[in-house]
Amino acid sequence: MKRLLALCITITLFACKEEPKIDYALFSGKIENPANKVVTIFNGREKVKEITLNEEGTFADTLKVETGYYTLSHGRESSAIYLSPGDNIKMSLNTKEFDETISYSGEGSENSNFLASKYLADEKANLDVVKVFSMEEADFLAKMEEIKSSKLELLNNTENLDNEFKALEKKNIEYEYYADLLNYKSYHSYYAKKADFKPSEDFMKLFDSVDFNNKKDYEMLDNYKRLLQAHYSNKISDSDNPSEVFENINNNTFPALKEDLANRLRYNIAPNNEHNEAYYNGLIAMSTDEKYKEDITTKYNKVKKLAKGMPSPEFVEYENHKGGTTSLEDLKGKYVYVDVWATWCGPCIREIPSLKEVEKQFHGKNIAFVSTSIDKASAHNTWVQMVKDKELGGIQLMADKDWNSKFVQEYAIEGIPRFILIDPDGNIVSADAPRPSNPKLVEMFNELKI
């Protein structure tokens, strides 16, 4: 009897034992023409795992995951995937046609296949951003509705999608729509050349139903991240009292958004921003990253020295394309318009025709046009040849240490092209002057009676 009782207890214990929780997905595949030896899986910016390919380009591994969106990266390409614990997904890919060939099979693969097909559809649509955002308000809204409807149709017509994934994708499409609407004001102003453009009240009322403080959606959906960051960035830039907006954000939003906003807005601390102090204090309050705070403080202190009328940082003995060297001191007595550029910089090259026109218009006037390349030393010959091929005028110089040049560093230059105007006494007129393609540059020159 005792043996029978013990056996029953043992059976009961085994029967009640909790099934082990699966917290991983199986992920395998093969890459034709691999770009390198690894496939990397990211969750946002966080690296989940780096998987090594074998000689045949195949791989297999387990990924500890929670249900959600991830990014697969190989070489310089990447693709969105959707993973859940218990998935057993096999990927195939030929890097010669990355987006056209990436596909998935196995348990849980349907969701990732949808993301791949959605991206490919976007790529094939090849939306003309300039044309669309130049449209008048009613036409623009109709176009955005059309795009949203086509994506929802693709989603609804795709079979075997996970219900939770489908609900998230509907939200993602909706948030993408609102993010594009939010960009209309600035994009239309730029592309349609309407400096003071503002959307109608009815247009802005479309945002009344949007929740701008949903922590869960922010963690899950990239388009919601884009929407929130643009929303709060616009509120700050449009305000006459940005300190008040920063205070509201710091008191009423969640940490992940504040950290991301701090990183996004660091570039707004710039010479022509009249609210630099408000930005500096607001960003310091937003971030918990001590290295970030140290870097932003260094930049803020640099920018304070770049106000109108302050002595300009100098460049000394930069190589002159025509031979010898040139220093800023050599140009005293003239206004100096400096174009900081590089041969690899597309936006810089697009400014060249406009720069030539402005140079021609002010030829013989009391101004020197200086183009300073920040190409690496290894690209010296490329610089020499491009100056010749494009028949660049003015004074063509090459900085001594590319991005680390003292002049570039002291002007707090983090992106190019950048244009600087210095007066005949060597003092700053504008540390971030209008581009040659901007009519405001000629207006500035005329106001200075150059």
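The numbers here are math on the coordinates, done by the rules we state, and not lab data. Computed from a predicted model, the values in this text were never measured in an experiment. Note: ideal-geometry Cβ built from the backbone for every residue, glycine included; neighbour counts use all protein chains shown.
For segment 229-237, the Karplus equation 6.51 cos²θ - 1.76 cosθ + 1.60, evaluated at θ = phi - 60°, returns couplings of 5, 5, 4, 6, 4, 5, 4, 5, 5 Hz by residue, with Gly and Pro reported as x. Per-residue 3J(HN,Hα) values for segment 443-448, derived from phi via the Karplus relation 6.51 cos²θ - 1.76 cosθ + 1.60 with θ = phi - 60°, read 4, 4, 4, 5, 5, 7 Hz in sequence order (x marks Gly and Pro). Mean silhouette area of segment 24-108, derived from the convex hull of its C-alpha atoms and averaged over all directions, reads 4.8 nm². For Gly44, the amide hydrogen comes within under 5 Å of the amide hydrogens of Thr71, counting only partners 5 or more places away or on other chains and with H modelled in the peptide plane. Taking 7 Å steps out from each Cα toward its Cβ at Lys401 and Ala167 produces label points 5.6 nm apart. Placing a label point 7 Å from the Cα of Leu127 along the Cα-to-Cβ direction, the residues of segment 165-182 whose backbone N falls under 20 Å of that point are 168-182.
From its DSSP helices (H runs of at least four residues, each -39,500 (n - 2.57)), the chain gives a residue-normalised ellipticity at 222 nm of -14000 deg cm²/dmol. The trypsin sites (Lys or Arg not before Pro) of segment 315-384 that DSSP puts in a loop, and whose beta carbon has at most 11 other beta carbons within 10 Å, are Lys322.
Measuring against 24 Å, Cα to Cα, the residue pairs Lys64/Lys90; Lys30/Lys171; Lys185/Lys304; Lys21/Lys225; Lys170/Lys194; Lys47/Lys148 contain Lys30/Lys171; Lys185/Lys304; Lys21/Lys225; Lys170/Lys194; Lys47/Lys148 as the ones spanning a longer distance. Overall, segment 305-450 carries a charge dipole of about 280 debye about its Cα centre when +1 sits on the Cβ of Lys and Arg and -1 on the Cβ of Asp and Glu, all other atoms neutral. Scalar couplings 3J(HN,Hα) for segment 121-138, obtained by applying the Karplus form with A = 6.51, B = -1.76, C = 1.60 to θ = phi - 60°, are 5, 4, 5, 5, 5, 6, 4, 7, 4, 4, 5, 5, 7, 7, 5, 5, 3, 5 Hz; x denotes Gly and Pro. Once the chain from Glu294 to Glu414 is taken as fully extended at 0.36 nm per residue, the excess over their C-alpha distance is 41.6 nm. Here the calculated FRET efficiency for Asn33 and Leu120, from their Cβ-Cβ distance with R0 = 25 Å, stands at 0.85, rounded to the nearest 0.05.
Here the spin labels are modelled as points 7 Å beyond Cα on the Cα-Cβ line, and at Lys308 and Asn366 they lie 1.8 nm apart. All C-alpha to C-alpha distances of the chain, sorted into 20 Å bins beginning at zero, yield P(r) values of 19, 43, 30, 5, 2, 0 percent in whole numbers. Output needed: percent of Cα pairs per 10 Å distance bin for segment 69-185, bins running from 0 to the one holding the longest distance. Here the calculated profile for segment 69-185 is 12, 40, 32, 14, 2. At full extension, Ala377 and Glu146 could sit 78.2 nm farther apart than now, given 0.36 nm per residue minus the alpha carbon distance. Length gained on full extension, Lys440 to Asn301: 47.3 nm, using 0.36 nm per residue less the C-alpha separation. Size descriptors for segment 129-304 (Cα atoms only): Rg and Dmax, in that order, 18.3, 58 Å. Placing a label point 7 Å from the Cα of Asn88 along the Cα-to-Cβ direction, the residues of segment 105-136 with a backbone N closer than 12 Å are 106-108. A P(r) calculated from all alpha carbon pairs of segment 318-447, with 10 Å bins opening at zero, reads 12, 48, 36, 4, 0 percent.
Sequence gap at least 6, Cα distance under 8 Å: using those rules, report the relative contact order of segment 207-336 to the nearest whole percent. Worked out over segment 207-336, it gives 16 percent.
Report note on the peptides 385-391, 311-317: ranked by the mean count of other C-beta atoms within 10 Å, highest first, their order is 311-317, 385-391. Amide H contacts of Asn94 (H built 1.01 Å from N, in plane; Pro and chain starts excluded): Glu32, Thr101, Ile102 sit under 5 Å, all sequence-distant by 5 or more or on other chains. For Lys360, the lysines whose Cα falls under 25 Å of its own Cα, not counting residues fewer than eight places away in the same chain, are Lys193, Lys322, Lys332, Lys334, Lys388, Lys390, Lys440, Lys449. Which angle between 0 and 90 degrees, to the nearest 10, do you get for helix 380-389 versus the longest principal axis of the chain when only C-alpha atoms count? For helix 380-389, the angle is close to 60 degrees.
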